[in-house]
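Each value in this text was obtained by applying a stated rule to the coordinates, not by laboratory testing. This structure is a prediction, so every number in the text was calculated from the model and none was measured. All Cβ positions, glycine included, derive from the backbone under ideal geometry; neighbour counts span all protein chains shown.
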Amino acid sequence: MRSSQRAAQSVAALDLSLPQEPDLLEYIERTTGENVRNCYQCGKCAAGCPLSAAMDLQPQQILRALQLGQTDLIFASDTLWLCVSCQTCVTRCPCEVDLPRVMDALRSWAIVHHHAAAQREVVAFQRTFIKSIELTGRVYEVGLIGGYNVTSGHLFSSFDLAAPMVLKGKIKPLPRRVKAMDEVAGIFRRAQEVQQREARSGRAQEEKGGSH
Amino acid sequence: MNAANAYAYFPGCSLHGTACDYGQSTEQMCERLDIELLELEDWNCCGSSPAHMVNPWLALGLVGRNLRLAGQTGLDTVVLPCAACYARFKETQHALKDPETAARIEYVAGGAVPSDLKIEPLLGVLGKPEIRVKLHDYQQRSLDGLKLAPYYGCLLTRPSEVAQFDDPEDPQSLDELLKALGAEVVSWPGKVSCCGASLPISRPELVWRMSGQLLAWAAEAGADAIVTACPMCHSNLDTRQGQIRRAGLGDYHLPIFYFTQVVGYALGLDESQLGIGRHLTNAKGLLGRRRPVVTQAG
């Protein structure tokens, strides 16, 4: 389905007849400290958003869907994956809702609960980027582009830039690896553990679990 | 080491890679200004945008380890040229204010994380009164006659509660710096607009439009070049001009400088010392075409 059709359907679908997932709003408010219920749909976020034209759901519609517990709508939209966290919306929001922070928490939830991302390429890039850190502790551009091209299936993406960048000395031949890779591995392991626990347990369980 | 002008230095991955010209010009410029940079030992990536987008705890933990390394230098301030790294460091420090969150960050980071270090963008260091005096005393070439578009992008100033640097809608620090060196600063609508950030690999056509719009605005304002403090902005604006042209979205050939290159040039450094020849959109010769006026003796 084309994104404009999906968008039209999505907007029309913002009603209470859809299945609701109240846990999600609770999770978002608990983990971000943001009061999503404050949003009164003024649309200032969308007005300043540099990517709103490419999004099927506008940023404030994500908040509306959250208020209504319409999880499916949120995870079917490409908005989550197109937000680049430029922080314009939070700068201008009259209700002081930190929308980029909410977007982070929603992506986290989507990953833990295996919601398929509507923007496959964006996720392929993010995963490759993070894999690079996991393998070397740093981001190594050649590996990043190569890894992305294999993961996404766009094998020759960015190839036009490869030769000039090598000639200009912008691409280094070997990655500089962090020496204490055991520490980096530990960070990855514990970060995933905390993320999983946070997105799978309700407030009561989380409090029972105590501090970490 | 003179502690007053010594900083713990976090270059970040870009400055060791595709933005090596930013790294090179940063080090050269700081040496001229007697600013000592002590690079963190065995630092790791800050996580940039992808880490917090996939798992905020991973992002906080990665910076947590770096803050620990910065604390081990014994210096009280860590300086970051990269706007994205700066934003991640400030975000982590902001999160450390909440004791429960701090305990979790330390758990993920694998040890104590100092919360009291000063975190400054390199652009902020150049705004300090004592550095301004040095800039004035050490300037060898005026930028008189150059029309520059100061470009801040997103992450240096936003969200202001976290970044605590300059104004989020109409910042002035880079404007003032360029003016102090004699350049004319153009008024243009793009100074805090997003370049497309981390989308150029996955959704290049969106970045061509966003960066193309910035190039169009700067050109309309009569700018000879755009000046930035962010490696990601530089990459999108400089590297992608050929693709923007081939996509029929405008033919600009507009040089994009890091502010460190412009300042370094005013301090008497050569283009080759500042990595100006490494840009994909030719920027060589522009700074030198202006009258090389000696304003002060070395």
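What to note about this one:
- Filtered by the rule that a residue be more than 25 Å from A:D78 (Cα to Cα) and either of a type in the set (D, E, K, R) or buried (at least 21 other Cβ atoms within 10 Å of the Cβ) (or both), region A:133-160 gives A:I133, A:E134, A:G137, A:R138, A:V139, A:Y140, A:E141, A:D160.
- Scanning region A:172-184 for residues that are within 7 Å of another protein chain (Cβ to nearest Cβ) and either part of a loop (DSSP other than H, G, I, E, B) or over 20 Å from A:T136 (Cβ atoms) (or both) yields A:K172, A:R176, A:V178, A:K179, A:A180.
- Qualifying residue in region B:13-36 (condition: surrounded by fewer than 24 Cβ atoms within 10 Å (Cβ to Cβ), closer than 30 Å to A:A105 by Cβ and more than 9 Å from chain A (Cβ to nearest Cβ)): no
- Just one of the listed residues (A:V102, A:V97) is part of a loop (DSSP other than H, G, I, E, B) and touching a residue at least 24 places away in the same chain (Cβ under 8 Å), and it is A:V97.
- Residue check, B:D167 surrounded by 16 or more Cβ atoms within 10 Å (Cβ to Cβ), within 19 Å of the chain's Cα centre (by Cα) and among the charged types (D, E, K, R): no
- Candidates in region A:108-145 are the residues that are of a type in the set (K, R) and not in a loop (DSSP other than H, G, I, E, B); of these, the one that is nearest to B:P11 (Cα to Cα) is A:K131.
- Helices (runs of 4 or more DSSP H) contained in region B:170-238 and holding at least 3 residues of a type in the set (K, R) and within 10 Å of chain A (Cβ to nearest Cβ): none
- Cβ separations smaller than 8 Å between residues 6+ apart or across chains give the following pairs from region B:193-215 residues that are farther than 19 Å from A:L155 by Cβ and touching a residue at least 40 places away in the same chain (Cβ under 8 Å) to residues that are surrounded by 21 or more Cβ atoms within 10 Å (Cβ to Cβ) and of a type in the set (K, R): B:W208/B:R240.
- Test for B:I244: is it within 14 Å of chain A (Cβ to nearest Cβ) and outside any loop (DSSP other than H, G, I, E, B): yes
- Per the listing A:V90, A:V123, the residue uniquely crowded, with 20+ Cβ neighbours inside 10 Å and touching a Phe, Trp or Tyr at 6+ places or on another chain (Cβ under 7 Å) is A:V123.
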